[in-house]
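> Dropping a structure here in structure tokens format, bear with me for questions.
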Amino acid sequence: MRSWLVPAAAALLGGAIGAGAMLAYADTRGAGSGDVRTYLLTHPEVIPEAMQRLQQKEAGSVVAANRAAIVTPFGSAWAGNPRGDVTLVEYYDYNCGYCRASLPMIRQLIERDPKLKVVFRELPILAESSRSAARISLAAAAQGKFNAFHDALYAAGRVSDDSIAAAARTAGIDTAALPALAPRIDAEIARNMEVAAKLGVSGTPSWVVGDRVLSGALPIEELERAIAEARPS
């Protein structure tokens, strides 16, 4: 074990591991014992759990502090129930193959859950064409045509100037309005980048639901569990 993990995990143990590990420690050393280091060396399996719980706690605090910037859609960049009791947010990049592969799953989530709202947030981090696509996508959202553009560009395959232009035509975007929309669009992308960095999001797709941040191409069952846990009782 690397030595830096011991003091870090020791500091985390009380707040992050949870009652179960602390009870186990008390049983082995007696109530009031303080030799956390010995416990961690004997039970190193608790360290990843401690780290994960601390990360989840910190992410929850960031979500709470930035909730409006996370769950409030830009224009029509949302799907599902506009008054849903749970909002699932996807941070995505049009050049991300896993994001494209997640699109049918998102549709299925909405079909299965009539109380779900899905918000799409641009995070163009993979290529220069990602930013070009994101800017037109946000222009579509500002004109109430996000879903038409979103579906058309994903269906086109590889992202390029030609496929972006074709998707814009399919969606019926007024490209003459783009210069006037540019300040809002650029501000939105910058805000998404800033919030994603605070959340610790470094790849796409990434998801926010309730106070949780999830990463990667997840199975539908995992997202449904997270949605159920976030649902008001």
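The values are calculated or read from the model by the stated rules, or taken from the named source; none is laboratory data. What you are looking at is a predicted structure, and each value in this text was computed from that prediction instead of being measured. FYI the Cβ positions are ideal-geometry reconstructions off the backbone, even for glycines, and counts take in every protein chain you see.
> Between Gly203, Gly210, which is on the phi > 0 side of the Ramachandran plot, in the same structural domain as Leu116 (by TED's automatic domain parsing) and either in contact with a strand residue (DSSP E or B) (Cβ under 8 Å, 6 or more places away or on another chain) or surrounded by 15 or more Cβ atoms within 10 Å (Cβ to Cβ) (or both)?
Numbers: Gly203 fails: on the phi > 0 side of the Ramachandran plot.
Answer to the selection: Gly210.
> Something else now. Within segment 181-192, how many residues are of a type outside the set (Val, Ile, Thr) and buried (at least 17 other Cβ atoms within 10 Å of the Cβ)?
Looking only at segment 181-192, we keep the residues that are of a type outside the set (Val, Ile, Thr), and these are 181-184, 186-188, 190-192.
Now narrow it down to the ones that are buried (at least 17 other Cβ atoms within 10 Å of the Cβ): 181, 188, 192.
Residues in segment 181-192 being of a type outside the set (Val, Ile, Thr) and buried (at least 17 other Cβ atoms within 10 Å of the Cβ): 3 in total.
> Here's another thing I want to ask about it. In contact (Cβ under 8 Å) with a residue 24 or more places away in the chain, part of a helix (DSSP H, G or I), in the same structural domain as Ile220 (by TED's automatic domain parsing) and more than 30 Å from Ala228 (Cβ to Cβ), is that true of Ala139? Write out each step before concluding.
On the way: in contact (Cβ under 8 Å) with a residue 24 or more places away in the chain: yes; part of a helix (DSSP H, G or I): yes; in the same structural domain as Ile220 (by TED's automatic domain parsing): yes; more than 30 Å from Ala228 (Cβ to Cβ): yes.
Yes: the conditions hold for Ala139.
> Which pairs have Cβ atoms under 8 Å, sit 6 or more apart or on different chains, and link a residue in segment 157-172 that is under 10 Å from Ile136 (Cβ atoms) to one that is among the β-branched types (Val, Ile, Thr) and surrounded by fewer than 19 Cβ atoms within 10 Å (Cβ to Cβ)?
Matching pairs, first to second residue: Ala168/Thr175.
> Does segment 106-129 include one or more residues that are of a type in the set (Gly, Ala, Ser) and under 22 Å from the mean Cα position of the chain (by Cα)?
Within segment 106-129, the first condition is being of a type in the set (Gly, Ala, Ser), and the residues that meet it are 127, 129.
With under 22 Å from the mean Cα position of the chain (by Cα) added as a condition, the list becomes 127, 129.
Looking through segment 106-129, at least one residue is of a type in the set (Gly, Ala, Ser) and under 22 Å from the mean Cα position of the chain (by Cα).
> So which residues in segment 96-129 are charged (D, E, K, R) and farther than 19 Å from Thr204 by Cβ? Break it down stepwise before answering.
From segment 96-129, those charged (D, E, K, R) are 100, 107, 111-113, 115, 117, 121-122, 128; that's our starting set.
Passing the criteria: Glu111, Arg112, Asp113, Lys115, Lys117.
> Check Ala156 against each of (1) at pLDDT below 95; (2) under 30 Å from Ala228 (Cα atoms); (3) among the small types (Gly, Ala, Ser); (4) crowded, with 16+ Cβ neighbours inside 10 Å and name the one condition it does not meet.
(2)
> If you don't mind, there's one more thing I want to ask. For segment 170-179, state whether one or more residues are in contact with a Phe, Trp or Tyr (Cβ under 7 Å, 6 or more places away or on another chain) and surrounded by 14 or more Cβ atoms within 10 Å (Cβ to Cβ). Break it down into steps so the answer makes sense when it comes.
Narrowing segment 170-179 to residues in contact with a Phe, Trp or Tyr (Cβ under 7 Å, 6 or more places away or on another chain): 171, 173.
Still in the list and also surrounded by 14 or more Cβ atoms within 10 Å (Cβ to Cβ): 171, 173.
The answer is yes; a qualifying residue exists.
> For Pro114, which of the numbered conditions (1) buried (at least 18 other Cβ atoms within 10 Å of the Cβ); (2) in a loop (DSSP other than H, G, I, E, B) fails to hold?
Pro114 satisfies all of (1) buried (at least 18 other Cβ atoms within 10 Å of the Cβ); (2) in a loop (DSSP other than H, G, I, E, B) except (1).
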